[in-house]
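Chemist: Below is the structure I would like to discuss, written out as structure tokens.
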Amino acid sequence: MKLRKVTAASAVVLALAVTATACGSDNKKDSGSSGSGGGKITVGIKFDQPGIGQKTPQGYAGFDVDVATYVAGKLGYKPDQIQWKETKSAERENALSRGDVDFIAASYSITPARQQKVDFAGPYLLAHQDVLIRADDTAIKSPSDLNSKKLCSVTGSTSAQNVHDKLAPKAQLQQYPTYSACLTGLQNKAIDALTTDDSILAGYASQAAFKGKFKLGGFKMTNENYGIGVKKGSDLKAKINTALEAMVSDGSWKTAVDKNFGPANYKNEPAPKIGNIVS
């Protein structure tokens, strides 16, 4: 009888343990890659592009940050469940393939070469290569006017070289280490124009320190279809596309554009349709 009592007691303990385990399983946090919310999701952004993706003392700000936050919300994650990770241009594909991030929103242009390595949701913004000039400049009205002008871009970028090769062969190329350095040179008249994506230029020009000092040329020299990168074969692509469509339809997309680019009088394109890649 004593043996039976011990066995019965053990059975009760075992049953309680199984119940506790089952409850713990129900509350287990989902991984970010599932897109079902409940835990944390890791999102890759730029940390150094004002208006696009920037780490500030107050947190993270920019159009890509607003888009990513909205998308994460539709996937079931609150803002405090988002882990922001810096993903520089050269590391974006590797970050996705390694699983360092669940998705990337970082002025990430969709190209055939990149589509071989990762999948893209979107596009969610159609940008163009453009130039930023001083607000009082009346001499630069077209790309050809850049001939004999000092044209700046950051070291390692192909933007200025593209203009030189295709549109203004006499442009004097200047390479600076950062866009901020180019802006200082532009303000001090050490250079005449800065070139990269118009969305990036608008973000810099929208900073309080530069408000009203610069303007976009509006030349639309290339098409840059910004997409949200996910790991090849990820089911997040379809879910993110659904979220992006909702962001446009409820007005949140336009609000984010005006908030981040408005001070630079950025003439943005309408929200692109999902899957429509403009060549």
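Chemist: Is the shape of segment 85-236 best called rounded, prolate or oblate, per the rule: a/c under 1.5 gives rounded, else a/b larger than b/c gives prolate, else oblate, with a ≥ b ≥ c the square roots of the Cα gyration tensor eigenvalues?
Modeler: Since a/c reaches 1.5 and a/b is larger than b/c, the shape of segment 85-236 is classed as prolate.
Chemist: Could I ask something else about it? Just to confirm a number: summing +1 for Lys and Arg and -1 for Asp and Glu over residues other than GLU93 whose beta-carbon lies under 13 angstrom from that of GLU93, what do you get?
Modeler: +4
Chemist: Check cross-link reach from LYS215 to the aspartates and glutamates: straight Cα distance under 19 Å, and skip same-chain residues fewer than eight apart.
Modeler: ASP130, ASP136, ASP137, ASP145, ASP192, ASP197, ASP198, ASP258, GLU269
Chemist: Right, another one. What does the accessible area per residue of the chain come to in Å², with a 1.4 Å probe and no ligands, DNA or RNA counted?
Modeler: The answer is 50 Å² per residue.
Chemist: Evaluate the Debye formula for segment 200-279 with equal point scatterers sitting on the alpha carbons, no solvent, and hand back log10 of I(q)/I(0) at q = 0.11, 0.14, 0.19, 0.22 Å⁻¹, in q order, two decimals.
Modeler: Per q value, in the given order, log10 I(q)/I(0) is -0.39, -0.60, -0.97, -1.12.
Chemist: Any idea what log10 I(q)/I(0) is at q = 0.07, 0.10, 0.13 Å⁻¹ for the chain, Debye with uniform C-alpha scatterers and no solvent?
Modeler: Here the Debye-derived log intensity ratios amount to -0.32, -0.56, -0.86.
Chemist: At most 13 other C-beta atoms within 10 Å and a DSSP loop state: those are the exposed trypsin sites (Lys or Arg not before Pro) I care about. Give me the longest piece of the chain that has none.
Modeler: It works out to 30-87.
Chemist: Using the structure shown, select from LYS85/LYS220; LYS78/LYS211; LYS46/LYS74 the pairs with a Cα to Cα distance greater than 25 angstrom.
Modeler: With Cα atoms farther than 25 Å apart: LYS85/LYS220; LYS78/LYS211.
Chemist: Relative contact order for segment 111-233 using alpha-carbon pairs under 8 Å, separation at least 6, rounded to a whole percent?
Modeler: Relative contact order here is 45 percent.
Chemist: Right, next: For the pair SER252 and ASN265, how long in nm is the line joining their label points, each one 7 Å along Cα→Cβ?
Modeler: Rounded to a tenth, the inter-label distance reads 3.2 nm.
Chemist: At what distance in angstrom do the alpha carbon centres of segment 57-131 and segment 164-218 lie from each other?
Modeler: For segment 57-131 versus segment 164-218, the Cα centre distance is 24 Å.
Chemist: What residue among ALA256, LEU194, LEU244 has its Cα farthest toward the positive end of the dipole of segment 189-260, where the charges are +1 on Lys, Arg and -1 on Asp, Glu, each on the Cβ?
Modeler: Towards the positive end, the residue furthest out is LEU194.
Chemist: Quote the relative contact order of the chain in percent (integer), defining contacts as alpha-carbon pairs under 8 Å separated by 6+ residues.
Modeler: 24
Chemist: Next question, about the same structure. Tally Lys/Arg at +1 and Asp/Glu at -1 over every other residue whose Cβ is under 15 Å from the Cβ of ALA139; what's the total?
Modeler: With Lys, Arg at +1 and Asp, Glu at -1, the neighbours total +3.
Chemist: Give me the percent relative contact order of segment 150-195, please, defined on Cα pairs under 8 angstrom at least 6 residues apart.
Modeler: 52
Chemist: Can you pull the percent of segment 60-134's accessible area that's carbon plus sulfur, 1.4 Å probe, other chains left in place?
Modeler: Its accessible area is 45 percent carbon and sulfur atoms.
The values are calculated or read from the model by the stated rules, or taken from the named source; none is laboratory data. Owing to the predicted nature of the structure, the values given are computational and were not obtained by experimental measurement. No Cβ is skipped: glycine too gets one built from the backbone with ideal geometry, and neighbour counts run over all protein chains shown. The protein model used for the area step is the full one, side chains on, heavy atoms only, and it has no ligands, DNA or RNA in it. Shrake-Rupley method; radii C 1.70, N 1.55, O 1.52, S 1.80 Å.
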